[in-house]
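Visitor: The structure that follows is given in the form of structure tokens.
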Amino acid sequence: MSGTNQRIDPARLWDALMAMAEIGATPKGGVKRLTLTEVDLAGRRRFTAWCEAAGLTVRHDSMGNIFARRPGRDPARKPVLFGSHLDSQPTGGKFDGALGVIAGLEVMRTLQALDIQTEAPLELVNWTDEEGSRFGHSLMGSGVWSGVYDQAETYGLRDTEGVSVVEALEGIGYRGEVPAAPFEADSYFELHIEQGPILEREGARIGIVTGGQAQVWYEAVLTGQDAHAGTTPPSTRRDALVGAARIVALVDELMRARGEEGRGTVGRLQVFPNSCNVVPGEVRFSVEFRHPSGAEIEALAAGFPARAGAIAREAGLSLELRELFRIPAQPFDADCVDLVRQAAARLGLPAREIISGAGHDAIYVARRVPSAMIFTPCKDGLSHNEAESILPDEAADGCQVLFEAILARANRAI
Ligand SMILES: [Zn+2]
């Protein structure tokens, strides 16, 4: 046996994952635990009861983020944070988010069972509304906590029923008194499923996540002219969908020019009037690019609008292209990443470095606190899907790496 001789309990971890998955369980084996609903509340209650039984002191802030604290030996030290999110997509899986929270709980339970005291205090976090599927704003709790989002604006966001975030928080009794704001913390660690195919494809057991990608998102409106499909000759057509198709091809071309690390997607497209015998006069669509290198995203942001505009002009169309936001690449903290790397090496687990393709709470928290993430493989890279699946051994390995990284950080000489 390598690594430390202190081991998390794989069966206890798996049982807790399955017990959490009962809350909001769907017939197809997934989970529907939408943020700030009665189902979310049931999850929060079960989680809180487990934390209290493990001797932790539980509190929540004004965004409903839950913190469960275990004291350290040295009261002057700042806490080591770790966690993820318990909310899910409407047709979500059992592990997206829940793995990081429940593995964090298993770390706490192991420390309690083995009677281990750390130098620094530890705090397990459940961030509110990571998914963004109810109020349209992902990474909400961690975003407000990190100062990326304004709390007053966030409180005013409404779901499709007209319920606001603040009403939903009050509805389940989770609008806390303490403002959601970055407090002094030593570090933050998050274990998460990869939600992509790379680790599985390469036989890696652990992803050492080095950071999050840079992104730029656009909203595009192409305008031409509605015309009769049977009577309008090519010379007089101003077909907005033909223009959109060429821009979609451009997005794909720009992505592929950047090799396997490039990402470029048109995921939503609306055609007007959307009638089979009318030349489409208007098309609205989304465009997003992502890349680990901020310089590549800057180059895309500098070049894409002009090339898309030229395509529109050639087709006799006008293009309105609005940049929605640009997110810089977010590298994780080198020392924290190194603790993950060392833990995987000590345990003899095949590991590789990886960039997070998806957004995660850690990417916002990293703006305020030295952070790192650990990925585990998930079957066929499938996530945001009820069939999302991981093996008990994969969960246990990820949890053991989390345990060792947290222990090393909390006990380091300062
Ligand atoms: Zn997640």
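Visitor: Give all pairs with beta carbons closer than 6 Å in which a residue from region 367-378 that is open to solvent by 10 Å² or more (accessible area, probe 1.4 Å) meets a residue that is in a strand (DSSP E or B); count only pairs at least 6 apart in sequence or on separate chains.
Guide: Here the result reads P370/S187, each pair linking region 367-378 to a residue that is in a strand (DSSP E or B).
Visitor: Which residues, taken from region 19-34, are among the aliphatic types (A, V, I, L, M) and open to solvent by 60 Å² or more (accessible area, probe 1.4 Å)?
Guide: A25 - this is the single residue of region 19-34 that is among the aliphatic types (A, V, I, L, M) and open to solvent by 60 Å² or more (accessible area, probe 1.4 Å).
Visitor: If A42 passes every condition in (1) open to solvent by less than 10 Å² (accessible area, probe 1.4 Å); (2) without any contact (Cβ under 8 Å) to a residue 60 or more places away in the chain but one, which one does it miss?
Guide: (1)
Visitor: Please identify the pairs in which a residue from region 87-100 that is closer than 18 Å to G398 by Cα and more than 10 Å from the ligand (Cβ to nearest atom) has its Cβ atom under 6 Å from the Cβ atom of a residue that is small (G, A, S) and at pLDDT 95 or above, counting only partners at least 6 apart or on another chain.
Guide: The qualifying pairs are K94/A21.
Visitor: Within region 162-212, track down each residue that is within 22 Å of Q89 (Cα to Cα) and either touching a strand residue (DSSP E or B) at 6+ places or on another chain (Cβ under 7 Å) or within 16 Å of the ligand (Cβ to nearest atom) (or both).
Guide: S164, Y174, E190, L191, H192, I193, E194, Q195, G196, G212
Visitor: When the residues of region 105-144 are filtered to those that are of a type in the set (D, E, K, R) and within 30 Å of R158 (Cα to Cα), which remaining residue is most open to solvent (accessible area, probe 1.4 Å)?
Guide: So, considering only residues that are of a type in the set (D, E, K, R) and within 30 Å of R158 (Cα to Cα), the one most open to solvent (accessible area, probe 1.4 Å) is R134.
Visitor: For region 60-115, give me the residue count where each residue is charged (D, E, K, R) and under 19 Å from T37 (Cα atoms).
Guide: Counting residues in region 60-115 that are charged (D, E, K, R) and under 19 Å from T37 (Cα atoms) gives 4.
Visitor: Mind checking which helices (runs of 4 or more DSSP H) fall wholly inside region 119-212 and carry at least 1 residues that are free of Cβ contacts under 8 Å to residues at least 24 places away in the same chain and among the β-branched types (V, I, T)?
Guide: Correct list: 165-171.
Visitor: Any chance you could count how many residues in region 125-155 are within 16 Å of the ligand (Cβ to nearest atom) and of a type in the set (A, V, I, L, M)?
Guide: 3
Visitor: Considering only strands (runs of 3 or more DSSP E) fully contained in region 231-294, which possess at least 1 residues that are in contact (Cβ under 8 Å) with a residue 60 or more places away in the chain and over 18 Å from R307 (Cα atoms)?
Guide: 282-291
The values are calculated or read from the model by the stated rules, or taken from the named source; none is laboratory data. Every value quoted in this text rests on a predicted model; they were computed, and no experiment measured them. Glycine also receives a Cβ, built like all others from the backbone with ideal geometry; neighbour counts cover every protein chain displayed. Remember, those area values only see protein heavy atoms, side chains included, never the ligands or the DNA or RNA. Shrake-Rupley method; radii C 1.70, N 1.55, O 1.52, S 1.80 Å.
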